[in-house]
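I have placed the structure first, in the form of structure tokens, so that the comments after it can refer back to it.
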Amino acid sequence: MNILTIMKKELLAYILSPTIYAVITIFMVLSSYFFYTDLSFYNTMNVAGTSNPVEGLFQFYFNDLRFILMLIMPFLTMRLLSEEKKQKTFELLCSYPIRDSEILAGKFLSCFLVYLFMIFLTLINVIYICLQWGFEGFQPLLAGYLGLGLLGLCLISCGLFISSLTEKQIVAGMGTLGIFVLFWFLTWNEMMAGEKLINFLTRLSLFDRLEFFFKGVIDTQDIVFFSIFIIIFICFTLFSMKSRKLEV
Amino acid sequence: MIEVKSVSKIFGSVVALNNVSFKAEHGDIIGLLGPNGAGKSTLMRILTCYFAPTMGWVKIDGLNVEKEAIKIKKKIGYFPEEIDIYPDMRVMEFLDFAANLKGINKADKKQTLDQIVESCGLGDVRRRIIGNLSKGYRRRVGLSQALLNDPQLLLLDEPTIGLDPPQVLETRKLIKGLTGKRTVIISTHILPEVTQMCNKVVILNKGNVILEDNAERLEMGLSMGMNRLHARIECPENHLIDILKKVPDFKDAQLIETINPRCFEVMIEAEVETDIPKALCDLAFSKKWVLREIRPDSSSLEENFMEILTKERS
């Protein structure tokens with residue numbers, strides 16, 4: 001019940017904030033642009049008409065989506081806890097008979113709902129293609145959307161943690177973006193790192209692991225990795241919230 | 001109701017509270033007084049279970065703040081210092097949100113909200129956005145959320161800070177109207193606020209309790225071994241001060257003002273245990289004087305407070 005109350009209040013805060021409209025608009029413009037270019041590329045390359053749209057179109061589209069999400073998610077998570085700290089409402093919330101975990105869960109769910117709404121909007125493109133080309137062979141897309149869902153949970157848990165560390169939204173946003181970019185670039189420096197290290201880093205990279213989902217492959221290892229990632233950052237956030245005991 | 005026993009709170013090398021102990025009974029209105037950085041807000045935060053003490057323990061209604069935080073939070077109402085309550089929300093949206101979190105059941109919620117809005121004078125602004133309200137109204141919104149669960153313990157941290165004089169008076173009146181059936185702790189560094197609203201005072205300085213006394217006694221200086229009052233006496237004698245000085249119960253007497261040739265304002269000082277009004281009334285009765293006014297010497301409240309702090313520092 002408390003989780004639901006916090007979630008509703010956070011959703012209201014999102015609706016009342018102009019940031020959400022800007023974020024959704026930018027997301028839709030960029031995702032539609034990338035879809036258009038991916039579709040053009042697919043049509044150009046698929047002259048024979050034998051190519052699989054999942055491999056030839058949606059895999060690229062999902063890859064582009066994860067890039068856009070990496071850039072815009074900090075704008076959704078940055079205010080979640082830092083704003084409460086700045087306004088001193090966190091102290092007020094803590095005086096109500098609720099647990100830190102309930103506050104966290106409410107905020108997490110509200111952000112995830114907004115995320116799902118944005119992802120839901122991308123279905124327009126999928127539905128359009130399905131209607132044009134028929135529904136056959138699109139089941140692997142479900143794996144792609146599962147991957148995007150897991151990516152969203154990871155980005156939110158990480159963003160929430162950074163937001164819990166500071167009362168300045170801009171610092172939380174930049175910090176979150178920095179960490180996302182680090183996870184993105186983790187496997188790029190092949191010349192510097194050895195093959196072994198690159199293999200190890202690839203296992204840690206959020207974004208590289210998604211490629212299997214986008215190909216339609218759901219690997220238990222990947223799901224376990226994402227689950228551990230989410231749990232670790234949620235635990236960090238809870239610890240950070242409780243660390244008010246150390247505040248001066 | 002509240003028992004604070006040997007509580008210390010240490011943040012790294014900073015000792016925010018040092019071995020603080022005091023008690024409050026049901027119905028007490030306690031003023032936590034002290035300069036900035038004295039540890040008032042830290043103590044408030046411990047009482048609201050925001051964080052636990054490093055040493056010692058606090059019990060509220062027999063419940064330990066460390067072990068039974070959720071149960072305690074159901075009994076308290078808290079209004080933190082300088083809070084900026086969700087500026088994008090409307091007054092009723094916020095109060096509804098707070099009521100849900102405080103566990104007020106659906107059946108009673110509407111009635112409770114209406115009552116609180118009425119008693120805190122928020123009727124005119126109930127649909128307005130909090131961020132657009134004046135500071136006075138925003139403080140009222142903060143106070144109203146603290147009262148939603150009809151708390152047995154009301155904790156108000158600097159409730160009048162940043163308000164203009166009419167708003168200060170209004171807020172004090174509002175708080176005074178809440179007392180009686182609940183224990184109230186008001187943290188402030190404004191001295192008159194304590195004497196006007198509280199019956200007990202706990203003075204903190206650098207994390208230590210340096211005085212715990214009755215607000216009236218503090219105002220009269222009794223807390224520091226001073227006992228003074230002002231009296232307006234109508235009498236024919238020219239040597240009023242000499243007569244007063246000769247009274248064995250009085251330590252000193254000074255003429256403050258000659259109102260007219262037959263009426264004088266004097267200040268009388270005596271030992272703490274002396275009942276000055278009684279001794280003065282006895283004297284006036286025997287000399288057939290008319291006592292126009294007797295009042296405690298409250299003009300020196302700030303001096304008394306400073307004297308306590310200075311004594312502590314030395």
I'd like to know if region B:115-136 contains one or more residues that are out of contact with any Ser or Thr (no Cβ under 8 Å at 6 or more places or on another chain), within 30 Å of B:GLU3 (Cα to Cα) and within 12 Å of chain A (Cβ to nearest Cβ). no
Tell me which of these A:ILE170 doesn't satisfy, since it passes every other one: (1) away from chain B (no Cβ under 14 Å); (2) of a type in the set (A, V, I, L, M, F, W, C); (3) open to solvent by less than 10 Å² (accessible area, probe 1.4 Å). (3)
Does B:LEU163 qualify as being in contact with a helix residue (DSSP H, G or I) (Cβ under 8 Å, 6 or more places away or on another chain) and at pLDDT 90 or above? no
Limited to region A:85-119, what total is found for residues that are among the hydrophobic types (A, V, I, L, M, F, W, C) and within 13 Å of another protein chain (Cβ to nearest Cβ)? 6
Could you please let me know if B:GLY131 is within 29 Å of the chain's Cα centre (by Cα), farther than 25 Å from B:CYS49 by Cβ and assigned to a loop (DSSP other than H, G, I, E, B)? no
Exactly one of (1) of a type outside the set (D, E, K, R); (2) open to solvent by less than 70 Å² (accessible area, probe 1.4 Å); (3) within 15 Å of B:ASN227 (Cβ to Cβ); (4) modelled with pLDDT of 85 or more is unmet by B:CYS281. Its number? (3)
Which one of these does A:SER82 not meet: (1) within 17 Å of the chain's Cα centre (by Cα); (2) within 14 Å of chain B (Cβ to nearest Cβ); (3) hydroxyl-bearing (Ser, Thr, Tyr)? (1)
Number of the exception - B:LEU147 against (1) touching an Asp or Glu at 6+ places or on another chain (Cβ under 8 Å); (2) away from chain A (no Cβ under 12 Å); (3) under 23 Å from B:MET1 (Cα atoms); (4) among the hydrophobic types (A, V, I, L, M, F, W, C): (1)
Scanning region A:25-34 residue by residue, those touching a residue at least 60 places away in the same chain (Cβ under 8 Å) and crowded, with 17+ Cβ neighbours inside 10 Å turn out to be A:PHE27, A:SER31
Residue in region B:138-146 that is under 12 Å from B:PRO87 (Cα atoms), open to solvent by 10 Å² or more (accessible area, probe 1.4 Å) and either part of a loop (DSSP other than H, G, I, E, B) or assigned by TED's automatic domain parsing to the domain that holds B:ILE83 (or both) present: yes
Quick one: is B:THR42 of a type in the set (S, T, N, Q), surrounded by 15 or more Cβ atoms within 10 Å (Cβ to Cβ) and more than 21 Å from B:LYS74 (Cβ to Cβ)? yes
Quick check on my filter: what residues within region B:147-186 are open to solvent by less than 30 Å² (accessible area, probe 1.4 Å), among the hydrophobic types (A, V, I, L, M, F, W, C) and not in a strand (DSSP E or B)? B:LEU147, B:LEU148, B:LEU163, B:VAL168, B:ILE175, B:LEU178
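The values are calculated or read from the model by the stated rules, or taken from the named source; none is laboratory data. On a predicted model such as this, the values are computed, not experimentally measured, just so you know. Virtual Cβ from ideal backbone geometry, glycine too; neighbours counted across all protein chains shown. Protein only, heavy atoms only, side chains kept; ligands, DNA and RNA dropped before computing areas. Shrake-Rupley method; radii C 1.70, N 1.55, O 1.52, S 1.80 Å.
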